[in-house]
Amino acid sequence: MPSDKQEIYINIGGLEGIASVYKHTSKGLQEFNDCWKRGEQSIIHWDIRSLRDKEMNIAAISFFLAIAHRVRHFVGYPQPVLIDWNPNIFGFLSDIGFFKIANSYDLFKWPYEIGGHEVGKTNPNTKLLAYNQLSQLPDISDANQLSEWKKRHRENYRADIIDKCESLFIQKDQQKLGENLALVMSRTCAEIAINSLLWGKSAAFLGIQRSGKRITISISDIGVGFKSSLFSKNVYLNLLNNDNADITSIALCSVINENGFGLKRAISTVIKLGGSISIASNAGEIFWRENIWNEFIGYFDANGAEYSISKLPETIYKAEHCDRDNGYIRKWSNPIRGSRVSFSIPINL
C-alpha cells in the first residue's frame, strides 16, 4: 500500500441507520472525491471504533460495505481500519457475514488478526450477502446479448436470494402477510441486484434481518444511481434536467415495472402490510408510506409522470419522527452516489 498519499480518516459512527452513514462518512468521501478529481491519490482510514453492541442496523452495514467496496475499486488496494477488540461486536459481525464479505473482496487492512470471539449468538436470519457480475457487461444495444446476460445472473442469484428471504418468514407469517410475500421480495431484490451490476456498474450488497418487530430487507450499491440509469435507458429525459432530478428518478423508478420485476409491486405489497420503503439515490431520498405512495400512484395512473412528479410533497433536509409516520421527500446536502432500497415490514400487528 502506498505510504506517500494523503491520508483521510473517516469515523463511520455507530451504523445505527442509513442517515447515520450519511452523517459520518459523506464529508470524508467528498474529500476523497476531490482528491481524485485533482489527480491526487489518497488513503482512507476507516475508523470503526464507535460501533456499539445491539445498536447496529443491517441496512447501514450493507451500505457501508458498498461504500468500502467502491473505495477499494478506485484505489486498488485494501484500506486500513482502526478497530477496538470487542468480542460481542466481533461475534455479531462474524455471524452476519461481515468479515467473510470484507475479506472476500479484500476491502480492509486489519491491524491484527480478528479472533477470540464467540459465534452463533445472532439470529441466523440476520445476514449480509454480496453479488458481483459473473461475466463481462453486455452490449446494451444488443437485445439478445442483454437478455442472455440478465438471464444468467438472474438464475444464479435468484435461488440464493429466494432461499435467504424465505428464511426470514415463519409459517404463521403467511396468515398475516400472505403466502407470496417472500417470493415477491426475493424476485425484487434479485432484479435490483442485477440492475446494480448492469446499469449501476457496481456490486450489490444485501442485508436481511428479522427482529421482534419487523423484517428488514435492504440492498445497496455505489453505482451511477437511478438518474444515470434512466439516461442510459433513454427514458423520461425531459423530466431529469433540473435540481430535483435525483428525487424525480427515484419516483419514476418506483413505478416503472419491467417484465413484472420492477419495484412497484413490492412497494405496493409492503405498503398494504403497513410497512415502509426507503429509496435513496445520490442526493435524493423518498420514504414511502401509505398516504404518500397511494397519492403518487393515483396521480401517475390518472395523469402521467410529469403531473405526478409535480404533486410530490415539499423537500425536507432532516426527517423527524412524524415525517417517518407520513412519508417524506429528503435531499441530502452531502450526497453519496449509488442507490439504496430498504423495505421494512412489521410482523407484530
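Inside segment 200-236, residues that are assigned to a helix (DSSP H, G or I) and over 15 Å from the mean Cα position of the chain (by Cα) make up a count of 7.
Does segment 310-320 contain at least one residue that is surrounded by 18 or more Cβ atoms within 10 Å (Cβ to Cβ) and either assigned by TED's automatic domain parsing to the domain that holds Phe64 or closer than 20 Å to Ala59 by Cβ (or both)? There is no residue in segment 310-320 that is surrounded by 18 or more Cβ atoms within 10 Å (Cβ to Cβ) and either assigned by TED's automatic domain parsing to the domain that holds Phe64 or closer than 20 Å to Ala59 by Cβ (or both). Here segment 297-309 is the region considered, the condition is being more than 24 Å from Thr216 (Cβ to Cβ) and in contact (Cβ under 8 Å) with a residue 40 or more places away in the chain, and the residue that is surrounded by the fewest Cβ atoms within 10 Å (Cβ to Cβ) is Glu306. Does Ser254 meet the test of being small (Gly, Ala, Ser), on the phi < 0 side of the Ramachandran plot and touching a Ser or Thr at 6+ places or on another chain (Cβ under 7 Å)? In short, no. Please determine, by comparing only the residues of segment 124-154 that are more than 22 Å from Asn103 (Cα to Cα) and assigned to a loop (DSSP other than H, G, I, E, B), which one is nearest to the chain's Cα centre (by Cα). Result: Leu137. Filtering segment 109-141 to residues that are charged (D, E, K, R), closer than 24 Å to Thr216 by Cα and surrounded by 14 or more Cβ atoms within 10 Å (Cβ to Cβ) leaves only Lys127. Could you identify the single residue in Ile247, Ile208, Ile279, Ile222 that is in the same structural domain as Asn326 (by TED's automatic domain parsing), farther than 24 Å from His69 by Cα, in contact with a strand residue (DSSP E or B) (Cβ under 8 Å, 6 or more places away or on another chain) and crowded, with 20+ Cβ neighbours inside 10 Å? One residue alone meets the criteria, Ile247. Scanning segment 114-125 for residues that are of a type in the set (Lys, Arg), out of contact with any Lys or Arg (no Cβ under 7 Å at 6 or more places or on another chain) and touching a residue at least 60 places away in the same chain (Cβ under 8 Å) turns up nothing. Scan segment 301-349 for residues that are of a type in the set (Lys, Arg) and in a helix (DSSP H, G or I) and the total you get is 1. Residue count for segment 87-113 under the criterion of being farther than 13 Å from Gly207 by Cα, free of Cβ contacts under 8 Å to residues at least 40 places away in the same chain and not in a helix (DSSP H, G or I): the result is 5. Within the set Ile316, Ile347, Ile256, Ile292, the sole residue that is without any contact (Cβ under 8 Å) to a residue 60 or more places away in the chain, within 23 Å of Asn180 (Cα to Cα) and among the aliphatic types (A, V, I, L, M) turns out to be Ile256. Failed condition for Ala60, given (1) touching a helix residue (DSSP H, G or I) at 6+ places or on another chain (Cβ under 6 Å); (2) in a loop (DSSP other than H, G, I, E, B), with all others met? Here Ala60 meets the rest and fails (2).
So that you can scan it fast, the table gives a plain yes or no per residue for (1) polar (S, T, N, Q); (2) modelled with pLDDT under 95; (3) part of a loop (DSSP other than H, G, I, E, B):
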| site | (1), (2), (3) |
| --- | --- |
| Asn257 | yes, yes, yes |
| Ile267 | no, yes, no |
| Ile271 | no, yes, no |
| Ala280 | no, yes, no |
| Ile292 | no, no, no |
| Tyr299 | no, no, no |
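The values are calculated or read from the model by the stated rules, or taken from the named source; none is laboratory data. Here the structure is a predicted model, which is why all the values come from computation and not from measurement. So basically every Cβ, Gly included, is an ideal-geometry build from the backbone, and we count neighbours across all protein chains shown.
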